[in-house]
Structures are given as structure tokens and as C-alpha cells.
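Below is one structure; the comments refer to it alone.
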Amino acid sequence: MKGWHIEEFINYITFEKRYAQNTCTAYQHDLLEFQAFIEKEFETNSPKNVAPEFIRTWIHSFITKKTSAVTIHRKISSVKSYFKYLLKNNIVSKNPLLTILLPKKPKRLPVFIDEKKMDLLQNQETNSSLSSYQLLIQKLIMELFYQTGIRRTELVNLLEKNIDFYTREIKVMGKRSKERIVPFGEDLKKLMVDYISEKEKIGLPKEFLFYQENGNKIYDKWVYLIVKNELSTITTLKKKSPHVLRHSFATHLLNNGADITSVKNLLGHTSLAATQVYTHNTIEKLKSTYKKAHPRA
């Protein structure tokens, strides 16, 4: 591994670039896979010897296995960042990816939940078999995702001290340790106060907002399963993840007149390009309204 400098690169994006842990893990997986392929197919043990045709052969291997274009783009993105690092540190003298053409990615609209269905989720009957704490934490997690649009990792690592109940603002630590302020409404404030009160009653720690009832900190998979189970009660959508609630947050804001720059800032996007994907859903809603309302549509 040392000849490939993969470990050094992962340390660089982890501690200097401060990429999210999930991103660093994905990069490491992609690069080790890349290294194994190149060593096996071309019998070389150094990135210095990697030629553009090696990269094309790697891409072709994914196409043969019918790997999605989105996944191929992600893997190539990992290798691009890696070679950029190698060039910067004079480990290689040229970038073999400069002439590489990638398969086109299909345009995918974000999956989101209808507003009426989100109202159903908020008002549905509670599960009597759960404790008061379990009911509150599940409800708060769902509402926090939908009412603030924060990411799963941001929710898992949300500090209790970063919630200002007076101004109704949450300080969120986003990707690459970039902070942003997200406002919240009176209903969410009441739910958080009730939850924290119950949390204190059973003697859970105060550092992070969310802990399991046994005192362990919540984690990504645990949160995902809660969201999946809750969404299963209101929708038949195949995808039922925390990101669907983030998509719903953004789409509903735009559908109700929010300007795209404000939505970009609330989501913590670095550019408008990432936010503009949500305008497609807004346009589709406008088309639907037009067809229903205009006599000659």
C-alpha cells in the first residue's frame, strides 16, 4: 500500500481537508479497488506507471458488469482527487485521467414525500408499546430532518449546546467542518423541549442531543432504520431514507415560494448547481397545475 501512497492520501483528506468520515471511507474503498485492479491486470505496483488506457480498461470493467454511471463517476472522482494529490506532492509527473471520457449520468430527480403525507406522519397515532422516550426521540428525529433539512451525519453529531431556543436557531456542523445556522419553528421547539426534559428525567448525557435509551450515542444505521420504518407507514416509495426527508424539505420550500439562494444556504450547499436539481420538481408541479387549470392545456 505504501508505494501507492493511499494511506497518506486518506490521512490528508481526513485531517487536512476534513472530509466527512463516510466520504473518506468511500474514497479508501474506491482507491484500494483501483490499486488491486491495476496490479492484477497490468502488473505494476506504482501509480507512476498508470497510463490512460489502464483507466479506460478499469471503466470498461464496470460497464461490462452493468455498474451504474453514477457509481462509475463516483469512483473516477475518487481517483481524480487521488492523482491531484500525487501531482501536488511530486509523487507522479502526469495525470492519466486528463483524456478520460466518462459515460453520461442519467438525470435523476430527487425523491420526496408529498406535503399531505408528511402531515399524516405528524398526526398519526403513536405506538403504545414504546416508552415515552422512544416515542419522543423517533418523532423528533423525523421532524428535525423534515423541518431543517439537515443531513444524517449532522443530526447524529448535533450538540445540545448548539441549539438556541431563544432565537430558535441550530448551529450545524456540515461537510468539511463548515458551520451554518438553521432556523426552526415553534412546534419543533416544543418537541425538542419535551424530548430534552424526558432525556434529563432518565439521566442521559447532555453533550449530544440524541442518545439511545440505554445511554449509547445514536449512529447512522440506527437513524436510517427509524426513518425507514416511519416512512413505511405513509408511503410506498422504494427509497425511504433520511435524505428523502432532506429532499422533501427543499422541494416543499421551493414549491411554497422560497428563493433558491435561501434554500441553498439552509441545505449547506457550496454552489447553486447542487440546489438547482430541486427546481425540476417545482417545474413539474407548475406543469401539472397548468394542465389542470388552463382550458387549452
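Readers should treat all values here as calculations from the given coordinates under stated rules, not as data from a laboratory. Owing to the predicted nature of the structure, the values given are computational and were not obtained by experimental measurement. Backbone-built Cβ (ideal geometry, glycine too); neighbour counts: all protein chains shown.
So the values come out like this:
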| read-out | value |
| --- | --- |
| Lys139, Lys239, Lys65, Lys199 arranged by Cβ crowding within 10 Å, fewest neighbours leading | Lys65, Lys239, Lys139, Lys199 |
| Dipole of segment 115-292, positive end: most advanced residue of Tyr133, Phe145, Phe184 [Cβ charges, Cα centre] | Phe145 |
| Sum of side-chain charges, Lys75 neighbourhood, beta-carbon under 13 Å (Lys, Arg +1; Asp, Glu -1) | +2 |
| Degrees separating the helix 220-231 axis from the principal Cα axis of the chain, which is the longest one | 50 degrees |
| Karplus-derived 3J(HN,Hα), 6.51/-1.76/1.60, for each residue of segment 19-30, Hz, glycine and proline x | 5, 4, 4, 4, 5, 5, 5, 5, 4, 4, 4, 4 |
| Assigned charges on the beta-carbon of Lys, Arg, Asp, Glu; the chain dipole about Cα centre (debye) | 1220 debye |
| Max mean-square fluctuation residue, GNM over the chain, Cα-Cα springs under 10 Å, options Thr64, Thr153, Thr270 | Thr64 |
| Span from the segment 54-133 Cα centroid across to the segment 200-242 one, whole angstrom | 24 Å |
| Too-long pairs where the Cα-Cα distance tops 29 Å, listed order kept, from Lys190/Lys217; Lys171/Lys240; Lys171/Lys238 | Lys171/Lys238 |
| Assigned charges on the beta-carbon of Lys, Arg, Asp, Glu; segment 103-163 dipole about Cα centre (debye) | 600 debye |
| Extent along principal axes [Cα atoms of segment 1-151; Å; largest to smallest] | 62, 33, 25 |
| Among Pro110, Pro242, Pro52, residue whose mean-square fluctuation peaks in a GNM of the chain (springs only between Cα atoms under 10 Å) | Pro52 |
| ³J(HN,Hα) computed for each position of segment 146-163 - Karplus, 6.51 cos²θ - 1.76 cosθ + 1.60, integer Hz, glycine/proline x | 6, 8, 10, x, 6, 7, 4, 5, 5, 5, 4, 9, 5, 8, 4, 5, 8, 9 |
| Backbone HN-Hα couplings from phi across segment 56-67 [Karplus 6.51/-1.76/1.60, Hz, Gly and Pro as x] | 5, 5, 4, 4, 4, 5, 6, 4, 4, 7, 6, 5 |
| Tensor-based shape of segment 2-88 (alpha-carbon gyration tensor, a/c under 1.5 rounded, otherwise prolate or oblate) | oblate |
| Value in Å of the Kirkwood radius, where the chain supplies the Cα pairs that are averaged | 22.1 Å |
